[in-house]
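The values are calculated or read from the model by the stated rules, or taken from the named source; none is laboratory data. As the structure is a prediction and not an experimental result, all values here were calculated from the model. Here the Cβ positions follow ideal geometry from the backbone for every residue, glycine too, while neighbour counts run over all protein chains shown. Each accessible area value is taken on the protein alone, full model and side chains, heavy atoms only, with ligands, DNA and RNA left out. Shrake-Rupley method; radii C 1.70, N 1.55, O 1.52, S 1.80 Å.
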Amino acid sequence: MNIKLKKKEKIIVFETIFKNLKNFIKECCLEFNTDGLYIQGIDPTHAVLIQLKIVKEWFDLYDVNENNNFGLHCETLFKIINCLKTQENIELKREENNSEILEISFLGNDDKISKTFELTEIQIENNKIEIPSNIEYESDLIINTSELSDIVKELAIFNENITFCFNEENLELKTNGTLGNAKILLDNNSIELYQIEEDLNFELTFSGDFLNNVCCFNKLNKNITISSSQQYPLKMEYNLDIYHEKEMKKSDDDDEIITADSFCTFHIASIVE
């Protein structure tokens, strides 16, 4: 197995993923399949399910001839990547006999190795949850991630839980606390797309800490897609396809959200108050 990242923007994405993934899960299993990298994990409270998929075309080099699973500590991998200097590239290598070592090297522009770290595999139960791919959400939203992050922090002044109020006219976020209340109406400056089923009006409440931690992944994409329904967990997704000549967009014909090939997705359970 031999994988390389050379483009700076992709290295930043890779670093951002593992810098913030540790805020949800301590350990994860990297599944290096012949068609790309896949990670699934659930936080200790079982309220957030994380799903990451990066297709092989996203990488500058992806040479994987057989499926490889490798368990590791998320924070350890981030600390290694955090040692990377500007203009250095990343190479991941593993022997074909499924060695217990994942070799992470930093290379200069001449592909000369400057540093090498060896991660020892840890045993992780990799019981994946099957996520339906045909869920029809009642509302879809594409919003600027930095704007959403600011709103979440402002609402947290009064309560750690934040309520989304969905209706045909607008989308409002609010919070209620013993010391006061706050409401913020989302406007067109921060929203790229907002669509909801006709005559529908509903509210969902979520942990502000979880929402804030998701917003910390904002270097993955300037926008985030939020899909909601009264029957399913909230889906917050970063589209990574922009890093191999695609853009997050909606269909010109029917306003449907186009599914990303490479993505980082968070499924967040609502709070019943």
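This table checks each residue for (1) farther than 20 Å from Lys153 by Cα; (2) within 17 Å of the chain's Cα centre (by Cα); (3) at pLDDT below 95.
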site	(1), (2), (3)
Leu171	no, no, yes
Asn218	no, yes, yes
Glu245	yes, no, yes
Asp254	yes, no, yes
Ile271	no, no, yes
Looking at Asn89, Asn23, Asn2 in this structure, which one is at pLDDT 90 or above, polar (S, T, N, Q), open to solvent by 20 Å² or more (accessible area, probe 1.4 Å) and touching a Leu at 6+ places or on another chain (Cβ under 7 Å)? Asn2
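Per-residue answers, yes or no, for (1) within 20 Å of Glu103 (Cα to Cα); (2) in contact with a Phe, Trp or Tyr (Cβ under 9 Å, 6 or more places away or on another chain):
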{"position": "Met1", "(1), (2)": "yes, yes"}
{"position": "Leu5", "(1), (2)": "yes, yes"}
{"position": "Lys8", "(1), (2)": "no, no"}
{"position": "Phe14", "(1), (2)": "yes, no"}
{"position": "Asn20", "(1), (2)": "no, yes"}
{"position": "His46", "(1), (2)": "no, no"}
{"position": "Lys56", "(1), (2)": "yes, yes"}
Mind listing whichever residues of the range 107-139 are of a type in the set (Asp, Glu), surrounded by fewer than 13 Cβ atoms within 10 Å (Cβ to Cβ) and under 28 Å from Glu237 (Cα atoms)? Glu125, Glu130, Glu136
Starting from the range 196-220, take each residue that is at positive phi and list its partners that are surrounded by fewer than 18 Cβ atoms within 10 Å (Cβ to Cβ) and in a loop (DSSP other than H, G, I, E, B), counting only C-beta distances under 9 angstrom and pairs at least six apart or across chains. Asp199/Glu168
Scope the range 215-237; condition under 19 Å from Val272 (Cβ atoms) and open to solvent by less than 10 Å² (accessible area, probe 1.4 Å); matching residues: Ser228, Ser229, Leu234
Taking the range 116-160 and keeping only residues that are in contact (Cβ under 8 Å) with a residue 12 or more places away in the chain, among the polar types (S, T, N, Q) and closer than 27 Å to Phe78 by Cβ, one is left with Thr116, Thr120, Gln123, Asn126, Asn144, Thr145, Ser146, Ser149
Any residue at all in the range 185-193 that is under 22 Å from the mean Cα position of the chain (by Cα), under 15 Å from Ile271 (Cβ atoms) and open to solvent by 90 Å² or more (accessible area, probe 1.4 Å)? no
Can you tell me how many residues within the range 161-193 are among the charged types (D, E, K, R) and touching a residue at least 24 places away in the same chain (Cβ under 8 Å)? 2
Criterion first (in contact (Cβ under 8 Å) with a residue 24 or more places away in the chain, assigned to a strand (DSSP E or B) and under 30 Å from Phe202 (Cβ atoms)) does Leu52 satisfy it? yes
Of the conditions (1) over 17 Å from the mean Cα position of the chain (by Cα); (2) surrounded by 15 or more Cβ atoms within 10 Å (Cβ to Cβ); (3) touching a residue at least 60 places away in the same chain (Cβ under 8 Å), Asn82 satisfies every one except a single condition; which number is it? (2)
For the range 1-29, the count of residues that are closer than 20 Å to His267 by Cβ and of a type in the set (A, V, I, L, M) equals 3
May I ask you to verify whether Leu200 is touching a strand residue (DSSP E or B) at 6+ places or on another chain (Cβ under 6 Å) and either closer than 24 Å to Leu49 by Cα or outside any strand (DSSP E or B) (or both)? no
Residues that are open to solvent by less than 10 Å² (accessible area, probe 1.4 Å) and either part of a loop (DSSP other than H, G, I, E, B) or among the β-branched types (Val, Ile, Thr) (or both), drawn from the range 35-49: Ile39, Asp43, Val48
